[in-house]
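Structure first, then comments.
Values in this text are rule-based calculations from the coordinates and carry no lab data. Remember, it's a predicted structure, so these values are computed and weren't measured experimentally. A quick note on method: Cβ atoms are made from the backbone with ideal geometry, for glycine too, and the neighbour counts reach across all protein chains shown.
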Amino acid sequence: MASQPIDPKDEDLLEIIQLDRDDPQDAFAQRLLAILRENPALAKRYEEIRRRDAEIGNRLKQGNKLSGLEERILARLGYHNEATDNHLGSSQTLDVAHPESGALRSSLCEGGASPVVTSRVVTGAPVPRVGRRQWLRWVGALATAGAVGGLGIWVWQRRKEKPRISALALGNAATELFEATLDGFGTGRLLGRENPPQGYRLSRDVQVFRGTVITWRQVTLADLPAIVFDLSHPGGEKGSLFVIRLVLPDLPPMPPRRPCLRTSRSSAGWWQDNDLACVLVVLGGPRVYERFLAPPAPLT
Amino acid sequence: MDEGSRQPTIEELVVQHAQTVFRYAYRLSGSVADAEDLTQETFLLAAKNIAQLEHPARAQGWLLAITRNAFLRQRRGPHVTLLDDMAATIVESQLDSDDTDEQLIQIALQSLPEQQRVMILMFYFEDMSYKDIARELGVPIGTVMSRLARAKAALRKKLDALTKKVAPV
């Protein structure tokens, strides 16, 4: 009985059907049950297969923890949230983040500081006579509110004038674009034969060797027009310098000697070069990144 | 609303599931660097589409499915790194008796063709039934049954051979 040949499809059932997990009403599960009842040797084999399944499943799910993984993911998510927030009004962001506390805050403000006043308003008691000090307080509060409001409007207007993007967001966007468009690397116009549009230039902070091939392309980076200079060093190292006509207060005035951002494929760093925001992304690790930076000028 | 039915925030998902997603990505890709990239991509996609998480209790399964789809999408792309069997040969040649179970199973897994590897991981890691696998991959049930059965047998055979190879004489 045990050596009876088994239909190859039934053989598959031993591997595929998990009687402890699959739907017992399933037609294949029913068929397997019938086979196992008829053939104790197969029932034993099935048990062995399920034992190995449990063992292999556990081994596959085990593994060492990768330290710092959560922090790195959250850092990248922070950039994305920030980029999303730029498309929303600040009031919307506040409402979504803390709707209850926002409402509570405003009702407390409207109600005034004194619980006595609140209770009087609620019970409909007559409003108390307003003294001189009270008037002064109100005038002071109004003046402060006006000043704060004016400042708010000024900040809001300035925010509308300038694109709100952080250095990190810009660096991330450039790195993503670099990795996503590697096929287009070096396919632009040869620098020297054709110059980039006025106002854009290759930063002097980038190292150029004899034999370095430089081409440039027009791209859109974080919804802004940009020029990317693709540099191929004689050793075969590749790097792109993204240049945007933008002044960002959180960009350092000179290129960092170590990359600010690393992925499995590339390294990136960013800085402000006068009126240009620069992001250098290279294919490779920190050592390649450093080879794309011109040696720092002497301090004196 | 109880804790189980509350929509988790993306930060909570990262804290709870990042390591599991990373391990799954590592099993799929066979490289720590690729696995981290894949894990980051998974959570970026999850953050963008968190409204699609219908059952918060099934968040892990949802994230693993995103990881798998991202991996398959990448592999369909223009750049392919090392051929699977070449990678397995290289790793196998570096095998020694100090290798842990965890490494052996990774080598055995890497020796399988990508199609089989994905099915194996859906079965063992995602705890999916043959019907779920067929639905997810858009493959007929009969095809999944025969391919998965072959893949499981091949994995066990490879694992047994590797275990024998590193066992002390």
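Roughly how many nanometres apart are two label points built 7 Å out from the Cα toward the Cβ at B:Ile141 and A:Glu179?
Inter-label distance under the simple model: 4.0 nm.
Calculate the spin-label point distance for B:Ala161 paired with A:Thr220, positioning each point 7 Å from the Cα along the beta-carbon direction, and give it in nanometres.
It works out to 5.3 nm between the two label points.
Between B:Arg6 and A:Asp250, what FRET efficiency follows from the Cβ-Cβ distance if R0 is 41 Å, with the result rounded to 0.05?
After rounding, the FRET efficiency stands at 0.70.
Segment A:31-82: percent of C-alpha pairs farther apart than 16 Å?
Across segment A:31-82, Cα pairs with separations above 16 Å total 66 percent.
Hull surface divided by four, with the convex hull built on the Cα atoms of segment B:1-79: how many nm²?
Spelled out: convex hull of the Cα atoms, projected over all directions, averaged, 5.1 nm².
Let's test the formula: R0 of 60 Å, r as the Cβ-Cβ distance of A:Arg291 and B:Lys131. What FRET efficiency results, to the nearest 0.05?
Once rounded, the FRET efficiency stands at 0.65.
What ³J(HN,Hα) values, in whole Hz, does the Karplus curve 6.51 cos²θ - 1.76 cosθ + 1.60 give for segment A:22-31 when θ = phi - 60°, with x put for Gly and Pro?
These are the phi-based 3J(HN,Hα) values: 6, 5, x, 7, 4, 4, 5, 5, 4, 5 Hz.
Can you figure out the FRET efficiency of A:Glu38 with B:Arg150, using R₀ = 25 Å and their beta-carbon distance, to the nearest 0.05?
Efficiency computed from Cβ-Cβ geometry: 0.50.
Under 5 Å between amide H atoms, partner at least 5 residues away or on a different chain: which partners does A:Ser264 have, H built in plane at 1.01 Å?
Under 5 Å from the amide H of A:Ser264 lies no amide H from a residue far enough along the sequence or on another chain.
Provide the net charge surrounding A:Asp205, with neighbours chosen by a C-beta distance below 15 Å and charges set as Lys +1, Arg +1, Asp -1, Glu -1.
Here the count lands on +2.
With the crude spin-label approximation of a point 7 Å out along Cα→Cβ, what separation in nm comes out for A:Asp275 versus A:Glu47?
Here the answer is 8.3 nm between the modelled labels.
Please list, or write none, the lysines whose alpha carbon is within less than 28 Å of the alpha carbon of B:Lys131, excluding same-chain residues fewer than 8 places away.
Of all the lysines, those that pass the test against B:Lys131 - Cα under 28 Å, at least 8 places apart if same chain - are A:Lys9, A:Lys44, A:Lys61, B:Lys152, B:Lys157, B:Lys158.
Enumerate the amide H contacts of A:Gly63 below 5 Å, restricted to partners 5 or more residues apart or on another chain; note that Pro and chain-start residues carry no placed amide H.
none
Against the 2.2 N^0.38 Å scaling, with N counting residues, where does segment A:244-300 land? I'd like the Cα-based Rg ratio to two decimal places.
Segment A:244-300 yields a ratio of 1.15.
Expected output is a single nm value to one decimal: the length gained when fully extending between A:Asp10 and A:Ala54, i.e. 0.36 nm times separation in residues minus the C-alpha distance. What is it?
Full extension from A:Asp10 to A:Ala54 adds 13.7 nm.
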